[in-house]
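Each value in this text was obtained by applying a stated rule to the coordinates, not by laboratory testing. What you see is a predicted model; the values in this text were computed from it and never measured. Here Cβ is always computed from backbone atoms with ideal geometry, including for glycine, and neighbour counts include all displayed protein chains.
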Amino acid sequence: MSNRYWTPGRLGLGAMVIAMIAFWGWIYIFASRENVDRFADTAYADAAEPMCAAIQAEIDALPPGHTTSTPQERAMHVRSGTDLTIEMVAELRALVPLVSDPEDLDRLGSWFEDWDAYIADREAHVVRLNEATDETDDRDLAFLVSERVSGGFYTARMDGLANVNDMASCHVPQDI
């Protein structure tokens, strides 16, 4: 008489269940809960948040895109938002002397690289809107965010660092 209860499939499934329980148990007990984007010192974030809030309020006051009648009119609003974004990033860069931790400086360096890419994408969008004709397909007028990393967009990283460090107003502007 053979033992049908302990088949290779059931043994394999049991081993997978045990491995999953062990994996999640290890994560729950031993894995770090600290977010790698959190600044060691809050001085930068404390200074940045109110400054970003003021500029974001100006950006939020710009007319929404659906209220414009031509791409060129929309380009003027995007240009205004881009100029305010450039101002915000310049003011954020001016706060860097508040940071002394080398890892925080590295985080900010990467964050500013992403901001520079975002501003370049906004600039390209303004050009596309200004050069549009009546024959330009609406899909060609969409705001395009370049993919800088495999599998994702840099804007998610930008907002992630801002949110983790309680700088919610220092997120990517929502005017486009």
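One table, with the values for the structure above:
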| read-out | value |
| --- | --- |
| Principal-axis tilt of helix 8-30 within the chain, Cα atoms, nearest 10 degrees | 50 |
| Calculated SAXS-style log₁₀ I(q)/I(0) at q = 0.08 Å⁻¹ - the chain, Debye, Cα scatterers | -0.41 |
| Helix 102-130 axis, angle to the chain major axis (alpha carbon atoms, nearest 10°) | 50 |
| Nearest-0.05 FRET efficiency for Asn35 and His66, computed from C-beta distance (R0 41 Å) | 0.65 |
| Extreme residue, positive dipole direction of the chain, given options His77, Thr136, Ala15 (C-beta unit charges) | Ala15 |
| Those trypsin sites (Lys or Arg not before Pro) in the stretch 74-156 that DSSP places in a loop and that have at most 15 other beta carbons within 10 Å | Arg148 |
| Test item: Cα-centred dipole of the chain, Lys/Arg +1 and Asp/Glu -1 on Cβ, debye | 1320 |
| Shape category assigned to the stretch 12-109 from the gyration tensor of Cα positions, a/c cut at 1.5 | oblate |
| Value of [θ]222 nm, deg cm²/dmol, for the chain, DSSP H segments ≥ 4, -39500 (n - 2.57) each, nearest 500 | -20500 deg cm²/dmol |
